[in-house]
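Participant: Below you'll find the structure I mean.
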Amino acid sequence: MSQPAQRPLRADAERSVRTILEAAEQVLAQDPGASMEQIAEASGLARTTVHRRFASRQALIDALAVSAVRQLAAAVEESHPDTAPPLVVMHRATANVLRLKNAWRFALSLHTEDDGSEAGVVWQQLAERCTQLLERARAAGLIDAGADLDWVRRCYYALLGEAAHGRPDEVEDPELLAAKVVDALLHGVAPRAT
C-alpha cells in the first residue's frame, strides 16, 4: 500500500518549524546534548508545539541537518553554476556557502555525503555539482587539464572549512574570504610572476 502524500504545512506551522530549527541550531551549537525542552525554551514556543512538529530529538536533529544542507544547495544554485562564467560562479558560490556555514555550523557538521541519510543524499548531490563546476573551470583553463578533480574538490572543501571555522576573533566578510579561498585553490601560495 502506498504512503499518503504529505500535505504542505500551513504558513504558521512553517514559521514555527523555522523558529524551532533556528533555535535548535543556536542551542545545539553551544550544547550538543541539549534537550528538547531547552530548544523549546530558546524558540519561545511551547514544549508541546515542538513535540507536535518533531516526534523525537533525533527527528528534530535530522530535520535540522536536512534544512541546512538544502539551504546550502539553494545557495550554490543561486550562483548560476551552469550558465555564469566558472570563475564568477566559484566566487559567488563560495561567498554564499561561507555565509550559510557560519549560520548553520552545528547542522552542517551532522552528516556526510557517504552516510545514506536524507541530508547525506543532498551532500552527494552538492559534491556532484561541485565536480561539474570544476569541470567547467578546467575547460576554461582555470584548472590544469591533468588535475584530479576529486582531489581539487576535497582541497576546496578543506579551504572552505578553514575559512568558515576560523578563529572567532577573525570574523571576516564572506566576499573577502571567498576571494581568498578561490585564489588559494586556483593559485596556491607560490610567488606570483610580476
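Participant: Does anyone have the angle between helix 149-164 and the longest principal axis of the chain? Alpha-carbon axes, 0 to 90°, nearest 10?
Facilitator: The answer is roughly 60 degrees.
Participant: Okay, moving on. Roughly how many whole Å is it from the C-alpha centroid of the range 12-41 to that of the range 81-112?
Facilitator: 23
Participant: With 23 Å as the cut-off, how large is the P(r) tail for the chain, expressed as percent of Cα-Cα pairs?
Facilitator: In whole percent, the long-distance tail amounts to 51.
Readers should treat all values here as calculations from the given coordinates under stated rules, not as data from a laboratory. Given the structure is predicted, the values throughout are model-derived calculations rather than measurements.
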